[in-house]
1. Where residues in segment 201-224 are out of contact with any Leu (no Cβ under 9 Å at 6 or more places or on another chain) and assigned to a strand (DSSP E or B), which of them is surrounded by the most Cβ atoms within 10 Å (Cβ to Cβ)?
2. If I filter segment 143-154 for residues that are of a type outside the set (A, V, I, L, M, F, W, C), in a loop (DSSP other than H, G, I, E, B) and under 17 Å from ASP190 (Cβ atoms), do I get at least one hit?
3. If LYS90 passes every condition in (1) more than 20 Å from THR234 (Cα to Cα); (2) outside the structural domain of ILE231 (by TED's automatic domain parsing) but one, which one does it miss?
4. Given the residues LEU230, LEU242, which is the only one that is assigned by TED's automatic domain parsing to the domain that holds MET141, at pLDDT 95 or above and out of contact with any helix residue (DSSP H, G or I) (no Cβ under 6 Å at 6 or more places or on another chain)?
5. Of everything in segment 104-122, what is loosely packed, with under 12 Cβ neighbours inside 10 Å and of a type in the set (Gly, Ala, Ser)? Give them in sequence order.
6. Quick one: which residue in SER150, SER166 is over 30 Å from ILE246 (Cβ atoms) and over 32 Å from the mean Cα position of the chain (by Cα)?
Amino acid sequence: MKKVLLLLGLCYALVACNNVEKKAETKYTEAQKAYEQGDYNKAKLQIDSIKILYPKAFNTRRKGIELMLQIELREQQKSLIYMDSMLQVKQKEVNAIKGNFTFEKDAEYQKTGNYLYPSQTIEKNIHRSFLRFQVDETGVMSMTSIYCGSYNIHHTAIKVTAPDNSFAQTPPSKDSYETTDLGEKIEKADYKLGQDGDVIKFLYLNKDKAIRIDYLGDHPYTIKMRSADLIALTNVYELAQLLTSITEIEKEKKEANLKIEFVKHRMQKEAPID
């Protein structure tokens, strides 16, 4: 009697197991169909439902994991195609305008060169206090407040004000220095975009307005910003946006290629069931 009951139990378990696998297989078939149609989100939802609804359908779950890896691989490959296309567009835009800039790079000391607007090169601005803008090849934009005068003001920050009294102000610069040249006091303070108290963005948004610049130091010093410097800011800022986009796309491409290698490595191994 006990043997009969045991056999009946085994048969029941086998039938139940087969039913579970059949139901799970239906979900898998739907997932595979969605995958072939390019509906990867739907395919992934169907695969996830197998694990939730039929946790003991081990054979089908393993097939589902293998299909999920194929989906991840296809998604990353499609992303790479899209990013390559976007990279070409952005690079074309940069190539169309970078001839309008002066490129400076000391091959011996610099790994990355800088783009400047021609009106702001050093030789054209000797003995002048002004804001100088530049962007490096990776899209990192910076601003330098330059002061030239008969006495030191020891400035480490600046404040820019529009006609409506709205303003922006930098935090104290982390990179400033002072020197003297033939009796003239020269001070420079650098501020990177994103660490400049939004001064650069403020100037860009108010590029068509008269701007007052206050040098913040031991002694007050104020100048009016020249229209030529606002034009330089505008052009450098827009180039920076393009170069930053290229850098970000290249970073995403690198990450996508790493994911592809990881997925391919997993596909070569037996899919684990957790």
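1. Here the residue is TYR215.
2. Here is the first cut: in segment 143-154, the ones of a type outside the set (A, V, I, L, M, F, W, C) are 144-145, 147, 149-152, 154.
Checking the rest, the ones that are also in a loop (DSSP other than H, G, I, E, B) come to 150-152, 154.
This time we only want the ones that are under 17 Å from ASP190 (Cβ atoms), so: 154.
Yes, there is a match, as at least one residue in segment 143-154 is of a type outside the set (A, V, I, L, M, F, W, C), in a loop (DSSP other than H, G, I, E, B) and under 17 Å from ASP190 (Cβ atoms).
3. Of everything listed in (1) more than 20 Å from THR234 (Cα to Cα); (2) outside the structural domain of ILE231 (by TED's automatic domain parsing), LYS90 misses just condition (1).
4. Only one candidate passes the filter, namely LEU230.
5. If the condition is that a residue be loosely packed, with under 12 Cβ neighbours inside 10 Å and of a type in the set (Gly, Ala, Ser), then ALA107 is the only one that fits.
6. Sole residue among the options that is over 30 Å from ILE246 (Cβ atoms) and over 32 Å from the mean Cα position of the chain (by Cα): SER150.
The values are calculated or read from the model by the stated rules, or taken from the named source; none is laboratory data. Note that the structure is a prediction, hence the values are computed from the model and not measured. Because the Cβ atoms are built from the backbone with ideal geometry, glycine has one as well, and the counts that use them run over all protein chains shown.
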